[in-house]
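All remarks here apply to the structure that follows.
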Amino acid sequence: MRRALLQSGHDEEETDAAIGRLRRESLLDDGRFAARFAASRIGNAGLGQRRVRQALRQRGVAPRVADAGLAEALRDVSEAEALDRVARRYWRQRSSEEPERRVRRLWRFLLGRGFSADLVRARVRALWPRYGDALEGLEPLPPEDMETP
């Protein structure tokens, strides 16, 4: 909010006063925003914690506040269920690919959406146990290879 006000030409003193007033009236609350944003991105957009945390930080939410909001959201939405929905849709849409190749591509896709390697490995093995061996030797993506939100 502060950045947007400054970029639109408001001076610092005016901006600080407006933000202070909004916070006193509970109209500007980064913690509530972080929790709602995280719940929406995990539950509706099918993103994992890493991507949500990255998106919150890009929006200027402090790391500590982003992590607390994410933890609150995870009490209400299941990251594993979100991953399952995304994985099943991916699997159906690529039914012409041979399964082992599909599993390897699914691995990269899910990591790019911000899900942890451990969660991806566990859920893919649970959903398609007969193709779990295709996950052997696959490594997590470095942060720079993740998609941007």
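Computed from the coordinates by the stated procedures, all read-outs in this text should not be read as laboratory data. Note that the coordinates shown come from a computational prediction; the quantities given were computed from them, not determined experimentally. Quick reminder, even Gly has a Cβ in these numbers, built from the backbone with ideal geometry, and neighbours come from all protein chains shown.
A few points about this structure:
- Its DSSP H runs of at least 4 residues, each contributing -39,500 (n - 2.57), put the calculated 222 nm mean residue ellipticity of the chain at -20500 deg cm²/dmol, to the nearest 500.
- Distribution of pairwise C-alpha distances over the stretch 79-145, 10 Å bins, in %: 21, 61, 17, 0
- Calculated P(r) tail over 24 Å for the chain, as whole % of Cα pairs: 43
- Burial ordering of L111, L6, fewest other beta-carbon atoms within 10 Å first: L6, L111
- A Cβ-based charge dipole, computed about the Cα centre of the chain with Lys and Arg at +1 and Asp and Glu at -1, lands at about 660 debye.
- Over the stretch 2-76: Kirkwood hydrodynamic radius from C-alpha pairwise inverse distances, Å: 13.2
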